[in-house]
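First comes the structure, then the notes that go with it.
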Amino acid sequence: MLLLFAVGLVLLGFGASALVRGAAGLATRFGTPPLIIGLTVVAFGTSSPEVLVSLQASLAGDPEIALGNVVGSNIFNVLFILGLAAVITPLLVSERLVRRDVPIMIGVSVLVYLLSLDGRLGRGEGVVLIAGILAYVGGLVFRTRRTEPDQLDVGADLQLAPAKHWLGDVAFVVVGLALQVLGARWLVNGAVEIATSLGVSELVIGLTIVAAGTSLPEVATSVAASMRGQRDIAVGNVVGSNIFNLLLVLGAAAVVAPGGFAIPSGALTFDLPIMIAVAVACLPIFMNGYSINRWEGAVFLLYYIAYTIFLVLDATNHAVASWFGVVILVFVVPLTVLTLIVVTVRARRRARAGPGVR
């Protein structure tokens, strides 16, 4: 059970790395600008474990794992990955990301919640989400080619140099996909067995160990970029992956699942609102000097720990689970968002007033 899950996780990691390297190499050979490679190939490559795991879970009749994988990964990406990367070294945030991509991430998070209010995410709604990712990528490519030159050499920064021959790149893509297909199957089967043996819901397993496991490529990419000094890549990778998760991963899972899949009431009342709150919290933090400081990263990490504690308490039917969740959802999250907004407004006013003004 645990061995099956662990082997599947390892195969997903190696498969994602091979897929990104091969796809980036092929894109470079066709003269694709490095910035576009970073925003599309790298973002999709690091999200490919979520895609395959969610598809496998939907086809296997385990839609709660598919939903938990997406929602849990998005929460994990912001709170844990950005938090960890910012604690290592303060992160920089591009103005383009704040003005365009973060609002899109927030809007897509709200859209998924609205589509889920009836308790089901159907195939028609899945098609809408997939159309959204096609429009998003198309807009990125169009705007980048027209207004943004090759200012970011993602291939060099992330060591994604093409192979000596194009067949080598193709081999990386094929092997990467094969490893991920097999790894996704084993990981989902192992996760179902773990949930059954522990007596917890598949949604909780999806929100925790599956979400964290499939987000390992994002962890590796963002932490490595942060340590190499490419701190804007660390943030862009997380935001781009979250958008891909909601539109592509969840959309594809809803399309392939027979009749779509049901949304558990717990996800509607707690997990999806937390995902939206996390996305909203990014905006004032990112706008505050277009950076993420170490203390802000530490706050993100503490929130992820608190969220995980709640999931464990709730899964074990602990007496304090209900009030602990209420405290997080009703008091802590809104207070934090409000505090960040106030800090941002004050910082912008001081900046406009000039130096020496407090």
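The values are calculated or read from the model by the stated rules, or taken from the named source; none is laboratory data. On a predicted model such as this, the values are computed, not experimentally measured, just so you know. Note: ideal-geometry Cβ built from the backbone for every residue, glycine included; neighbour counts use all protein chains shown. For accessibility, only protein heavy atoms count, side chains too; no ligands or nucleic acids. Shrake-Rupley method; radii C 1.70, N 1.55, O 1.52, S 1.80 Å.
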For ARG120, which sequence-distant residues (separation of 5 or more, or a different chain) have an amide H within less than 5 Å of its own amide H, given hydrogens modelled in the peptide plane? ILE263
Starting from the amide H of SER94, placed 1.01 Å from N in the peptide plane, find each other amide H under 5 Å away whose residue is 5 or more places distant or on another chain. none
One finds the C-alpha centres of region 117-131 and region 43-91 to be spaced, in Å, by 19
In what sequence, highest mean first, do 102-114, 189-201 appear when ranked by Cβ atoms within 10 angstrom? 102-114, 189-201
What accessible surface, in Å², does a 1.4 Å probe find on ILE209, ignoring ligands, DNA and RNA and rounding to the nearest 10? 70
Cβ crowding within 10 Å averaged over residues, with 236-243, 126-133 ranked highest first: 236-243, 126-133
Work out, step by step, the length gained on full extension between ALA306 and ALA262: first 0.36 nm times the residue separation, then minus their alpha carbon distance; give nm to one decimal. 13.2 nm
